[in-house]
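Structure, as structure tokens:
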Amino acid sequence: MSLIKQLWLAIITLLLLSFIGSLAISIATSRDYIEQEVRIKNEDTATALALSMSQLDKELVTLELLISAQFDTGYYRQIILRDTDGSVLTERSSSEYTGDVPAWFRQLIEFDVPSGMSTIQDGWRQFGTLEIESQHSFAYASLWRSTLELAVWFLIAGAISLAIATVVVRGIKRPLYRVVAQAQDISARRFTTIKEPRTLELRQVTQAMNVLSANVHQMLTQESHKLDELRRHLQHDRVTGALNRDVFMGKLSSQLSSDDARATGMLVMVRVQALETLNERLGYTDTDHLLNTLVTQLGQLDKKSMEPVIGRLNGSDFIFLLPLVEDADQLKQQVIAALENVTATVPSVELSLPTAIVPYAPNDQRATLLATLDNALAQAESLTTSEQIVVQQREQVSLYSTHAEWRNALEAAIRVGPELAYFPVVDAEGGILHYECPARLNLAGEWHTAGVFIPWITRFDLEPTLDLAVVKKALINLKADLRPVGINLSAASITNTQFVNELRALLETQPMLAKQLCFEVPATLSTHEIGSLRGLCTALRPLGCTFGIEHVGAEFTKLADLHDVGLAYLKMDSSLIHSLDRSTEQQTIVRGMATLCHSLGIQVIGEGVTNNEELTCLFRVGVDGATGPGVRHA
């Protein structure tokens, strides 16, 4: 039995005991009082009537008239006149009871009042004995009426008490349910905090749980920062903070092979000429400061990424990955301004910073891009102008020539409906955890991956429309093949209230299929977007949907902010998995991430696995699942 039911049972029991006890005491007291009054009445009436008879002639007719007169003036059951021998001289009596009091009540009460007796004198000798017994009909009626009035009052008082108790119980239930929900969250390793209730005992429990949640959040924050510091120590150049060559190359390969919008952008390479001469003229400290300024200025050009992707290929060459950038001329002017800020820090020397800018697109070959960058950089070095910068233009092959054509084509493709590709996510035994299902749209008569149309989808604010169409397609496919699928949701969708409401309404109509859906959100979420993600999880979790975060790399430090969201899994970015089997540093980072996620009950999945060596190493360091071109399932 629940605590609330026990509380209600206790309240009702107390009310009933109070009613029954008060009623019993009231009836018993009233009964004793009435018996005492009736006994006194019997004695007084018998004495007064006997005295009157003693003063009269002892004619039997006269005595009978006097007895009849007394009998008719009061409530009497019988009046008997006996002679000295005990024989009845005259008698008046009535029926046992007259009235409408229930028999069971009369049997329960049953007055026990002795008859009033007195002696009648005839001069100096005794004439006879007078016995008077009162009728109890009036007493029963009076006691029954008072009992009913008391019962009505108790019903009113009970109703008022129950109303007050309802308010009190509701006041207890609300914080109690919050405490229960928090306990369930903690059991599910979602360390939430709640408002402390006014009830002392519940407040003490809530305070203890909130302290636990706060401690876990602090622990997560500290461990995340420690892991981030380790990552920076192992993957970044200690002088400038730029990525090491191997790490940058892994990130570049990951971007080029991805299906999202970040697979399109610009590569910028800057060379610091005569670095040894600068060391001699400026000294190592000032030269290091110069290089650090260069990396900082370049990093400020990326307004969309949480952490700019800048690599140091060797002592003097720096390469910058700028996703989602399409205007090369505008980028050139920004780079020129950034380099001018760098040269302004060392006015005493002539600084030469030849620069090359090359666009990249999905499925470009990394080696080809780097070769193009080297050629463009060589051209920049040969320039004699003050601005040694070369932009390598590439032939733009666009499906449509104008923005209007793109918008119309995308809206038409979404109305027709996307297709879903299926890529398995497997565990260490080869079993299926779920299938990744990126969308494909039919544009210009061909099916294209997200890397082609997502930049345009983003430009036209069509992400919620596309995501809802993808969910509908997934539900259709699930009717034919009930296997769990992972669907990407954009940040724009999870912050769109209309999208969330439509998605919930859609899934509520098909609850069995909703349990097979895994929603994945990008790791690059702002604080506002994280709040929207909490609301989305709260809305859809009762339907059985699960949630994950994908492409987690440098953003792993945000895990402390997501500890109360209720994530089911986390997917590590392929840049962390690339060549994992050959890098002990990356293994250390991945193992630390997996350990921290497991402490929160979150599965860890590696993305972009390309070969069996990476797959084996991935499971060896504690990762739960893997996906990528090198993954096969049993």
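With Cα atoms defining each centre, the range 112-190 and the range 304-319 are spaced 87 Å apart in the structure. Working note: Karplus 6.51/-1.76/1.60 with θ = phi - 60° gives the range 49-57 the couplings 5, 5, 5, 5, 5, 5, 8, 9, 5 Hz, where Gly and Pro are set to x. Reported value for the range 3-160: 119 Å³ per residue, from the convex hull of its C-alpha atoms.
For the range 393-475, the calculated P(r) over all alpha carbon pairs, in 5 Å bins from 0 to the bin holding the longest distance, is 3, 13, 23, 21, 14, 10, 7, 5, 3, 1 percent. For the range 255-351, carbon and sulfur atoms together expose 46% of the accessible surface, with a 1.4 angstrom probe and every protein chain in place. Computed with a 1.4 Å probe over protein heavy atoms only, the accessible surface of the chain comes to 50 Å² per residue. For the range 188-233, what is the Kirkwood estimate of the hydrodynamic radius, computed as the reciprocal of the mean inverse distance between distinct Cα atoms, to one decimal in Å? Final number for the Kirkwood radius of the range 188-233 is 12.1 Å. Measuring with a 1.4 angstrom probe and ignoring ligands and nucleic acids, residue 528 comes out at about 130 Å² accessible. DSSP beta bridges fully contained in the chain are about 65 percent antiparallel.
Express in % the proportion of alpha carbon pairs of the range 329-481 at distances exceeding 29 Å. Beyond 29 Å sits 46 percent of the P(r) for the range 329-481. Helix 463-480 and the longest principal axis of the C-alpha atoms of the chain enclose an angle of approximately 70°.
Backbone geometry of the range 175-183 corresponds, through the Karplus equation with coefficients 6.51, -1.76 and 1.60 at θ = phi - 60°, to 3J(HN,Hα) couplings of x, 5, 5, 5, 5, 4, 4, 5, 4 Hz, x marking Gly and Pro. Since only 19, 210, 119 are under comparison, the one whose Cα sits farthest along the positive direction of the charge dipole of the chain, derived from C-beta charges on Lys, Arg, Asp and Glu, is 210.
Of the two radii for the range 76-187, the radius of gyration is 1.52 times the Kirkwood radius, both from the alpha carbons; that is the Rg over Rh value.
What percentage of the solvent-accessible surface of the range 15-147, computed with a 1.4 Å probe over protein heavy atoms, is contributed by carbon and sulfur atoms? Within the range 15-147, the accessible surface is 54 percent carbon and sulfur. Value of Rg to Rh for the range 123-281, rounded to two decimals, is 1.65; Kirkwood radius and Rg both from alpha-carbon coordinates. With 10 Å bins beginning at zero, the pair-distance distribution over Cα atoms of the range 129-173 amounts to 23, 23, 19, 15, 10, 6, 3, 1 %. Taking DSSP loops as anything outside H, G, I, E and B, show the longest stretch in the chain free of chymotrypsin sites (Phe, Trp or Tyr not before Pro) there with at most 16 other beta carbons within 10 Å. The longest uninterrupted stretch comes out as 125-399. Gyration tensor analysis over the Cα atoms of the range 403-626 returns equivalent ellipsoid semi-axes of 29, 20, 18 Å (largest first, whole Å). Ranked by the mean number of other Cβ atoms within 10 Å of their residues, highest first, the peptides 327-334, 249-256 fall in the order 249-256, 327-334. For the chain, the longest principal axis of the Cα atoms and the long axis of helix 527-540 meet at an angle of about 50 degrees. Using Cα-only point scatterers and the Debye equation, what is log10 of I(q)/I(0) for the range 302-415 at each q in 0.10, 0.13 Å⁻¹, rounded to two decimals? Reported log10 I(q)/I(0), two decimals: -0.40, -0.64.
Across all C-alpha atoms in the chain, the radius of gyration and Dmax reach 47.4, 163 Å. Quick one: helix 366-382 against the long Cα principal axis of the chain, what's the angle to the nearest 10°, folded into 0 to 90? Taking Cα atoms only, the helix is inclined about 50 degrees. Sparsely packed loop sites in the range 66-142 (the trypsin sites (Lys or Arg not before Pro) outside DSSP H, G, I, E and B with at most 16 other Cβ atoms within 10 Å) do not occur. For the range 199-277, just list the percent of Cα-Cα distances falling in each 5 Å bin from zero outward, please. Over the range 199-277, the share of Cα pairs per 5 Å bin runs 3, 11, 10, 13, 12, 12, 9, 7, 6, 6, 5, 3, 1, 1, 0 percent.
Within the range 355-447, report the trypsin sites (Lys or Arg not before Pro) that DSSP leaves as loop and that have at most 14 other Cβ atoms within 10 Å. Hits after loop and neighbour filter: 394.
Under a model in which nothing but the beta-carbon of Lys, Arg (+1) and Asp, Glu (-1) is charged, the range 403-626 shows a dipole of about 480 debye around its Cα centre.
Taken one residue at a time, the phi angles of the range 39-48 give Karplus couplings (6.51, -1.76, 1.60, θ = phi - 60°) of 4, 5, 4, 4, 5, 5, 5, 5, 5, 5 Hz. Gly and Pro are set to x. Modelled spin labels at residue 479 and residue 200, positioned 7 Å past Cα toward Cβ, are 6.1 nm from each other.
The values are calculated or read from the model by the stated rules, or taken from the named source; none is laboratory data. Keep in mind that what you see is a predicted model, and the values were worked out from it rather than measured. Using ideal geometry, Cβ is built from the backbone for each residue, glycine included, and neighbour counts are taken over all protein chains shown. The area values use the complete protein model at the heavy-atom level, side chains included, leaving out ligands, DNA and RNA. Shrake-Rupley method; radii C 1.70, N 1.55, O 1.52, S 1.80 Å.
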